[in-house]
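A.B. asks: Sharing a structure, written as structure tokens. Questions coming.
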Amino acid sequence: MPLGQFASSYEDTSEYIYDHEGSRLDQRTFPREEGVFEGRSAEEVRFREGDICEVLESGSVHLGFVAAVPPSVAQAAKVNNGPFKMDADDDSYLVMNEETGDSHEHVDALRIFKPRFKIHPAIERRLRKAYADSLTFYRRMEITDVTACERIKALAQEMGWDLRIESPRWYRDSFKLHLQGVPGFADGLDLQIRQQLAWYHMDRIRFSFLRLAGLPAEGRGYRLKQIEPPTFFKGNIPAISLTSYYYF
């Protein structure tokens, strides 16, 4: 820590970690607040993608697997030669414990360790499978999104509506629809359908479309819910969008 001045825990000038026998495991020798992270050499990266690890966080430890390692020296140089500089927050591993990446975290390189105890075989199988699935998850998600998009288009065509559709841009985003010809919406209907609803509950979406069209149908659907209209600015004066936004 800096000497002769007040310093918070985020203002260290260097940091070192040791094992229980006093052997040094890792180090960071530049100031956290104003230092520039210059990447890690291959010898300085203690873990590889797919490794099961322990993560120390807020005084507790949990297991995960490494999905990505800290930037290399070459990768850091490309960033640091531009207008922005890498800092200590970039010296981290991407750690996950599910295939989706929905439960991922960027772990400080000095807060990740080899497991100290034997891992139960069932837990190891789950983590190994999750890692294998994570390698193909986003490609599988793209294929599923394309399939769902085509089914939504077919439903709109079945109702006789004109449709503009935008696919999700990230995991757990929504399909964004603009529908023309829906009864009761003379200016069109802007509708958002959550990604996983379109993946797993297309039958209920179809029922909802039939209900919007005023057609008879048997089954369960979703209730149309209005979203607060977004605020935009004309000059420095806030204004409310007149377009109605809804979601299932």
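The values are calculated or read from the model by the stated rules, or taken from the named source; none is laboratory data. All figures in this text were calculated on a predicted structure; none of them were measured in a lab. Here the Cβ is made from the backbone with ideal geometry for all residues, glycine too, and neighbour counts use every protein chain on show.
A.B. asks: Looking at (1) part of a strand (DSSP E or B); (2) in contact with a helix residue (DSSP H, G or I) (Cβ under 8 Å, 6 or more places away or on another chain), which is the one condition that is false for residue 61?
C.D. replies: (2)
A.B. asks: Here's a check for you: in the stretch 152-203, which residue that is within 14 Å of residue 248 (Cα to Cα) and of a type in the set (Gly, Ala, Ser) is nearest to the chain's Cα centre (by Cα)?
C.D. replies: 174
A.B. asks: Looking at the stretch 140-154, can you tell me whether even one residue there is surrounded by 11 or more Cβ atoms within 10 Å (Cβ to Cβ), among the aliphatic types (A, V, I, L, M), in a helix (DSSP H, G or I) and modelled with pLDDT under 95?
C.D. replies: Yes, the conditions are met somewhere in the stretch 140-154.
A.B. asks: Only residues that are surrounded by 14 or more Cβ atoms within 10 Å (Cβ to Cβ) and either more than 22 Å from residue 215 (Cβ to Cβ) or in contact with a Leu (Cβ under 7 Å, 6 or more places away or on another chain) (or both): list them for the stretch 155-169, please. I'd like the intermediate steps shown before the answer.
C.D. replies: Applying the first criterion (surrounded by 14 or more Cβ atoms within 10 Å (Cβ to Cβ)) to the stretch 155-169 yields 155-156, 159, 161, 163, 165, 167-168.
Within the stretch 155-169, 156, 161, 163, 165, 167, 168 meet the criteria.
A.B. asks: Let me ask something else about it. For the stretch 70-116, what are the residues that are assigned to a loop (DSSP other than H, G, I, E, B) and either touching a residue at least 60 places away in the same chain (Cβ under 8 Å) or not assigned by TED's automatic domain parsing to the domain that holds residue 41 (or both)?
C.D. replies: Answer for the stretch 70-116, where residues must be assigned to a loop (DSSP other than H, G, I, E, B) and either touching a residue at least 60 places away in the same chain (Cβ under 8 Å) or not assigned by TED's automatic domain parsing to the domain that holds residue 41 (or both): 91, 100, 101, 102, 114, 115, 116.
A.B. asks: Looking for whichever is surrounded by fewer than 18 Cβ atoms within 10 Å (Cβ to Cβ), β-branched (Val, Ile, Thr) and touching a strand residue (DSSP E or B) at 6+ places or on another chain (Cβ under 6 Å) here; the options are 61, 55. Which one fits?
C.D. replies: On inspection, the qualifying residue turns out to be 61.
A.B. asks: Something else now. So which residues in the stretch 44-69 are touching a residue at least 60 places away in the same chain (Cβ under 8 Å), of a type in the set (Val, Ile, Thr) and under 22 Å from residue 24 (Cβ atoms), if there are any at all?
C.D. replies: none
A.B. asks: Here is a follow-up. From 172, 194, which residue is under 24 Å from residue 97 (Cα atoms), touching a Ser or Thr at 6+ places or on another chain (Cβ under 8 Å), touching a residue at least 40 places away in the same chain (Cβ under 8 Å) and surrounded by fewer than 17 Cβ atoms within 10 Å (Cβ to Cβ)?
C.D. replies: Matching residue, one of 172, 194: 194.
Here is a yes/no grid of residues against (1) modelled with pLDDT of 95 or more; (2) farther than 19 Å from residue 157 by Cα; (3) touching a helix residue (DSSP H, G or I) at 6+ places or on another chain (Cβ under 7 Å):
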residue	(1), (2), (3)
172	no, yes, yes
175	yes, no, yes
190	no, no, no
214	no, no, no
217	no, no, yes
